[in-house]
Amino acid sequence: MTSDTTQALIDGVLAGQRRSLARLITRVENRTPDAADALAALYPHTGRANLVGITGAPGTGKSTRVNALAQTLRRQDHTVGIVAVDPTSPFSGGAVLGDRIRMSDLSGDPGVFIRSMANRGSLGGLAATTGDVVRVLDAGGFDYVLVETVGAGQSEVDIARMATTTIVVDAPGLGDDVQAIKAGILEIADILVVNKADRPGVQNTVRALRAMLELGHRLRTAGHHGYQLVPPDESADNEPVYDFWQVPILQTVATEHTGLDAVVDAIAQHREHLHESGIMAERTRQRVEAELVARLREELLFG
Amino acid sequence: MADEKIRVLIAKPGLDGHDRGAKVIARALRDSGMEVIYTGLRQTPEMIVEAALQEDVHVIGLSILSGAHLALVPRVKELMAAEGLDDVLLLVGGIIPDDDIARLKEMGVSSVFGPGTPTDAIAQHIKSTVQSG
Ligand SMILES: Nc1nc2c(ncn2[C@@H]2O[C@H](COP(=O)(O)OP(=O)(O)O)[C@@H](O)[C@H]2O)c(=O)[nH]1
């Protein structure tokens, strides 16, 4: 299983071979010594994919929605890589990864590649290596890479840093609407989706989200401390890049594929907005910086 | 710091409609430290092998209660060979008549586990086979 040379796997990934892709991802996940070299070799081939993060509380229908979103993208002839992250059991170190259950519609489509990942003890919704796995898929030529995470609440900033566009999913009937989406997770949303719009209470959920958005309405800046909310009066002297993106609240019924075209449109509009406003360039700079810091920290701690 | 995990695909081919057994196995293997990809009911051989390829698993475990094992297993094996997955361990769980167990093994199934098999034994079999291979 470890017999392929690193170079053969790199060549395979660039040629779009699925087996090479799968095996290189494993090495990246396992952080084998050659994985860093492979990532360096693939780096010049990355940056093309549209990276979309999808997060939200368990049971909001994230996997079902990723499935529906991927199908919508496929109808528009885009290829789609999917990374679905689930938690590792802290007791055994093992995991049951069940996201494929809701994605079986995508099976047999050569334009789709799905990989399940356990977070392997990482605190956020992502595994420590998720960013690198996404990069391998990016180099593999997928137009879109969708990353579905455990919507734990805190630490979801990880996904916002990695993704071009972050979608936060909520649904009616999860109890207290305000609790269903914690303030912290709302801040990272570029697009809010209320799924299960066929269920009663959908208007309440939309209203609650809108109220929270307005309440938390601050100028978003791409300043030195990351992609954050800064009250207007404080932002005067640090020359922030203003982000006037209006977070849309969209409704979907993932099980019936309703409302997904609007989500795809919103992703495209958001990407365009990032480019035009200069935020994309700033985010890329921040991402490179954050990765460098993370790598250095790891080298110092474990090297 | 290399961090290897045994990855296992548990699949339920065929049309029979419940997967309690498969889920029990999935959880038991998780509890012994493995990463288990569970794909749900009514998987075709094509879906199973495709998932195994993308997930780069060491092991495919088929839970078969329908009696269709003699048709399903050769098809899965054939697709595995076509995708270059000959090094992936193939296990079958379910109600399999004794005569058929030998035939499944001839087809390349590494081991067959009947309904009463303790889950520990399955985990042990996987660990010793994967680590020696
Ligand atoms: N009524 C309704 N049910 C949905 C919708 N989307 C997902 N579900 C169901 O909600 C449950 C949880 O979905 P899943 O995708 O696993 O949620 P996740 O835990 O957020 O990934 C499943 O039983 C889905 O069939 C929807 O739009 N409407």
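Counted as qualifying within the range A:161-239 are the strands (runs of 3 or more DSSP E) with 1 or more residues that are modelled with pLDDT under 85 and among the polar types (S, T, N, Q), namely A:219-223, A:226-230.
Would you say A:Arg120 is away from chain B (no Cβ under 12 Å) and away from the ligand (no atom under 12 Å from the Cβ)? In short, no.
Quick one: is B:Glu55 within 14 Å of another protein chain (Cβ to nearest Cβ), in contact with a Leu (Cβ under 8 Å, 6 or more places away or on another chain) and surrounded by fewer than 20 Cβ atoms within 10 Å (Cβ to Cβ)? I'd like the intermediate steps shown before the answer.
Working: within 14 Å of another protein chain (Cβ to nearest Cβ): yes; in contact with a Leu (Cβ under 8 Å, 6 or more places away or on another chain): yes; surrounded by fewer than 20 Cβ atoms within 10 Å (Cβ to Cβ): no.
Here the answer is no, as B:Glu55 does not meet what is asked.
Return yes when B:Ile60 is in contact with a Leu (Cβ under 6 Å, 6 or more places away or on another chain) and surrounded by 15 or more Cβ atoms within 10 Å (Cβ to Cβ) and no when it is not. Yes, satisfied. Look at (1) modelled with pLDDT under 95; (2) open to solvent by less than 20 Å² (accessible area, probe 1.4 Å); (3) on the phi < 0 side of the Ramachandran plot and you find that B:Asp19 fails only one, number (2).
Restricting A:Asp34, A:Asp86 to residues that are open to solvent by 10 Å² or more (accessible area, probe 1.4 Å), away from the ligand (no atom under 16 Å from the Cβ) and acidic (Asp, Glu) narrows the list to A:Asp34. Out of B:Ala68, B:Ala81, one residue alone is closer than 20 Å to A:Ser107 by Cβ, in contact with a Leu (Cβ under 9 Å, 6 or more places away or on another chain), surrounded by fewer than 18 Cβ atoms within 10 Å (Cβ to Cβ) and away from chain A (no Cβ under 12 Å). It is B:Ala68. Whether a residue is closer than 18 Å to A:Glu256 by Cα and within 14 Å of another protein chain (Cβ to nearest Cβ) was assessed, and A:Ile114 does not pass this test. Considering the range B:89-133 alone, what residues qualify as being within 14 Å of chain A (Cβ to nearest Cβ), part of a helix (DSSP H, G or I) and of a type outside the set (D, E, K, R)? Listed by number, the residues that qualify are B:Thr119, B:Ile122, B:Ala123, B:Ile126, B:Thr129, B:Val130, B:Gln131, B:Ser132.
Look at (1) closer than 24 Å to A:Thr252 by Cβ; (2) touching a helix residue (DSSP H, G or I) at 6+ places or on another chain (Cβ under 6 Å); (3) more than 10 Å from chain B (Cβ to nearest Cβ) and you find that A:Asp99 fails only one, number (3).
In the range A:37-83, of all residues being open to solvent by 20 Å² or more (accessible area, probe 1.4 Å), aliphatic (A, V, I, L, M) and in a helix (DSSP H, G or I), the one that is nearest to the other protein chains (Cβ to nearest Cβ) corresponds to A:Leu39.
The lone criterion from (1) touching a residue at least 12 places away in the same chain (Cβ under 8 Å); (2) assigned by TED's automatic domain parsing to the domain that holds A:Val247; (3) open to solvent by 60 Å² or more (accessible area, probe 1.4 Å); (4) closer than 16 Å to A:Gly53 by Cα left unmet by A:Arg287 is number (2). Filtering the range A:145-155 to residues that are more than 14 Å from the ligand (Cβ to nearest atom), on the phi < 0 side of the Ramachandran plot and either surrounded by fewer than 24 Cβ atoms within 10 Å (Cβ to Cβ) or modelled with pLDDT under 70 (or both) leaves only A:Gln154.
The values are calculated or read from the model by the stated rules, or taken from the named source; none is laboratory data. These figures come from a predicted structure and were not determined experimentally. Cβ: placed from backbone, ideal geometry, glycine included. Neighbour counts: every protein chain shown. Side chains are part of the model used for accessible areas, which takes the heavy atoms of the whole protein and leaves out ligands, DNA and RNA. Shrake-Rupley method; radii C 1.70, N 1.55, O 1.52, S 1.80 Å.
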